[in-house]
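What follows is a set of notes on a single structure, which appears directly below.
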């Protein structure tokens with residue numbers, strides 16, 4: 001038989017150094033510890049980054065909220081609203097309940113269910129309702145949303161201005177005439 005093709009027995013095989021075989025790679029434990037350390041460092045870095053406090057982010061959040069509200073009002077064919085104040089905005093939904101004490105069940109009392117969750121502004125926001133009495137309190141004490149969106153997509157007319165708390169950051173405004181939708185522009 002050819003010596004190159006002969007099988008090598010375990011006794012004739014060259015012996016590798018045991019230390020070199022043990023240091024050839026990473027153990028599973030070392031790999032998991034490295035990944036855990038990197039994850040903790042990435043989390044720390046993410047939490048240490050400053051949150052955006054510009055008026056532009058408030059404007060973008062308001063625009064997304066208004067567009068979502070309008071789409072939901074059209075899809076559900078019901079009236080929705082936004083309560084806007086200097087601190088933030090809350091969603092509202094118009095509810096119809098049978099009025100108590102009436103014989104005719106066709107009469108319904110209209111009321112607003114306002115969310116307790118408020119989305120806070122990062123900057124300074126000024127809201128101007130144009131041509132409406134929205135935001136006034138009724139005699140029963142319930143609040144009427146400043147922005148109301150009907151099931152056909154029409155809304156209250158308004159102008160809302162966003163100013164950042166930090167100087168040098170961009171601000172902007174959003175407006176609606178009630179018919180053509182929302183128009184936002186940075187200043």
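Structural remarks
- Single residue of 186, 166, 157 found to be at pLDDT 80 or above and over 17 Å from residue 83 (Cβ atoms): 186
One line per residue, one yes/no per condition, for (1) more than 27 Å from residue 164 (Cβ to Cβ); (2) modelled with pLDDT of 90 or more; (3) surrounded by fewer than 16 Cβ atoms within 10 Å (Cβ to Cβ):
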{"residue": "66", "(1), (2), (3)": "no, yes, no"}
{"residue": "69", "(1), (2), (3)": "no, yes, no"}
{"residue": "72", "(1), (2), (3)": "yes, yes, yes"}
{"residue": "78", "(1), (2), (3)": "yes, no, yes"}
{"residue": "87", "(1), (2), (3)": "no, yes, yes"}
{"residue": "93", "(1), (2), (3)": "yes, yes, no"}
{"residue": "102", "(1), (2), (3)": "yes, no, yes"}
{"residue": "108", "(1), (2), (3)": "yes, no, yes"}
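- Considering 56, 2, the condition of being over 27 Å from residue 157 (Cα atoms), modelled with pLDDT under 90 and out of contact with any helix residue (DSSP H, G or I) (no Cβ under 6 Å at 6 or more places or on another chain) is satisfied by 2 alone.
- Residue list for segment 115-131, restricted to those being in contact with a helix residue (DSSP H, G or I) (Cβ under 9 Å, 6 or more places away or on another chain) and either farther than 17 Å from residue 64 by Cα or in a loop (DSSP other than H, G, I, E, B) (or both): 121, 122, 123, 124
The values are calculated or read from the model by the stated rules, or taken from the named source; none is laboratory data. Just so it is clear, the model here is predicted, and its values are computed rather than measured. Positions of Cβ are generated from backbone atoms using ideal geometry, with glycine treated the same way; all protein chains shown enter the neighbour counts.
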